[in-house]
Amino acid sequence: MAKRSTRARSGLRRLARWRSRIAAGATLAALTTTLTMGISSPAQAAVGDCPSGLTWSNVFNPHYPEYVAYEYVVTSVRPEFLVSEERVVVNGTNSEITGSFTSSVSKTFSLTSSLGASASLFGFLNANVSTSITQSTTTTTGVTATAPVPPNGRVVGQYGVEAYAVDITLHEYRSVLGLPEDADSICWRDRSTAGTSIAPTHYTGWRVVPG
């Protein structure tokens, strides 16, 4: 009985030492991330405080339970136009004419990101930027448009896909000794990575720009 009590006390002391080491490491990681990235956001987490609503995954750790979760934060959004082909109409007369454009190229534009294009990123962009965003959009042939061309001028017709350029910060959170809602857990933001995603929409067509 005395041996069992001694082992229990020893185990508790080891757990306390692990908690102390983990807390110190988490504090250093959070401080390093803040100094290195220089990023602040409403979701920034201090040690022991992670945002709610994250999806946590178990990470293999032979010493103690560990979990990881990711959070996307949009920092800016800009409209883009992904060109699959271009046509030029030149008017060599002194009167206005009508220029005609017909598409002849079928090209696929897919969601790309410097952070890696994943299903979770697509779902986030579709829900938080525009429901028109797709994982990929293909232009079709035989689509015609017309535009006025000024006397002795020219216009450029571009056929393609409307898109968004989205600047995103990806936050990675860590929770050890349990999930964040567990009493003994320690949770912190481990790192932040900035990147840009080009997201096509389902809108295709011609646009005319001055030549």
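Derivation of every value follows stated rules applied to the coordinates shown; laboratory data play no part. Bear in mind the structure is a predicted one, so any value in this text is a computation, not a measurement. Note that each Cβ is placed from the backbone with ideal geometry, even for glycine, and that neighbours are counted across all protein chains shown.
What separates the Cα centres of the stretch 179-211 and the stretch 122-165 is a distance of 22 Å. Label point of Ala145 set 7 angstrom out along Cα-Cβ; within the stretch 95-138, amide nitrogens under 16 Å from it belong to 98-107, 138. A simple packing score, the average count of other Cβ atoms within 10 Å per residue, orders the peptides 98-111, 55-68 as 98-111, 55-68, with the highest score first.
Spacing of the modelled spin labels on Thr75 and Val59, each 7 Å from Cα toward Cβ, amounts to 2.2 nm.
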